[in-house]
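Written below as structure tokens is the structure these notes are about.
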Amino acid sequence: MLIDLLKKSIPEYKIFLPDLNNTFSYRPMLVKEEKYLSVITTINSTFEEKINNLCSLIDSCFDYKIESKKLTINDFQIALNAIRQKSISEIAEFKMTCPRTKEPVDVVLDLNSFNENKTEKTLKILINDQFYFTIEKPKISNLLILNDFPSSEEDWFKILSSCLVEINTEKEKIKLKESNIEEKISYIELIDKNSFKKIKKFIKLNSINFKINYTTSDGIEREIEVNDFVNFLKFFLVMLI
């Protein structure tokens, strides 16, 4: 059939997603993904709408072989970056405002130049001799407990708490994946400050990062590092797609 011939003509690529520890096939964006892009790039669309439509875009380009809401933030970024490269270009050219001089500058970024923060899939936090917490890498679904991009310490506390998946005691393992966020928060509130800092660092490290180099009108070469998911996503939504 003609439709089958047309489908076979669409280029296909491979990508390794490290947290899933598997290689998947994907294709570039097609016209049918425009419905997702229109929501993603609309100023008035909500945070939830943007995330849900980004997930739908990735799912579609991966032919529904992955469920992107269940991806770690790291794998989600790698998948999204790969789709953008094959759909538009491996080079992104855009304007941004220098945070130092406040002037607009032209930037050329190689999208292959990202670095990946490699961490373990889980973090175990010893509370005392009797029990410990198991913290899982943040997934896209963890972000959807919020109504907007995380910006405050309270927002990050909620995300961090949502990543608590298990409490191990001397006698049993208590699974918390189905527990509500309020219950998880009540457990996290009982840990000490040093343990909390370890969890926070673990959560925020799970993101790929780009170094953006540019020169301002005073001739000084400057660098900005996009090294957390919030800035990556804002950067991607506004300037790359």
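Since every read-out is calculated from the coordinates, none of them should be taken as a lab result. Since we're looking at a predicted model, the values are computed, not measured. All Cβ positions, even for glycine, are placed from backbone atoms using ideal geometry, and neighbour counts span all protein chains on display.
Distances over 14 Å make up what percent of all Cα-Cα pairs in the stretch 60-105?
Values: 658 of 1035 pairs.
In whole percent, the share of Cα-Cα pairs in the stretch 60-105 beyond 14 Å is 64.
Please list, by residue number, everything in the stretch 109-152 whose backbone N is under 11 Å from a paramagnetic label point 7 Å out along Cα→Cβ of Glu166.
Hits in the stretch 109-152 for Glu166 at 11 Å: 122-124, 133-136.
Would you mind computing, in nm to one decimal, how far apart the modelled labels at Glu12 and Phe149 are, each placed 7 Å from Cα along Cα→Cβ?
3.6 nm
Scan the stretch 45-78 for chymotrypsin sites (Phe, Trp or Tyr not before Pro) in coil per DSSP, keeping those whose Cβ has at most 13 other Cβ atoms within 10 Å, and list them by number. Can you show the working numbers first?
Values: sites: Phe47, Phe62, Tyr64, Phe76; in loops: Phe62, Tyr64.
Qualifying residues, ordered by number: Tyr64.
Give the Kirkwood hydrodynamic radius (Å, one decimal) of the stretch 169-221, defined as one over the mean of 1/r across all pairs of different Cα atoms.
Numbers: mean 1/r = 0.0650 Å⁻¹.
Every distinct Cα pair counted, the radius reaches 15.4 Å.
Order these by the 10 Å Cβ neighbour count, fewest first: Glu67, Glu136.
Values: Glu67 13, Glu136 20.
If I rank by nearby Cβ atoms, fewest first, I get Glu67, Glu136.
Determine the shape class of the stretch 122-205: with a ≥ b ≥ c the square roots of the Cα gyration tensor eigenvalues, call it rounded for a/c under 1.5, and otherwise prolate if a/b is greater than b/c, oblate otherwise.
Values: a/c = 1.98, a/b = 1.52, b/c = 1.30.
Prolate, since a/c reaches 1.5 and a/b exceeds b/c.
Give the Kirkwood hydrodynamic radius (Å, one decimal) of the stretch 31-101, defined as one over the mean of 1/r across all pairs of different Cα atoms.
13.5 Å
Dimensions of the chain along principal axes (Cα, Å, largest first)?
Projected onto the principal axes, the Cα atoms of the chain cover 61, 59, 32 Å.
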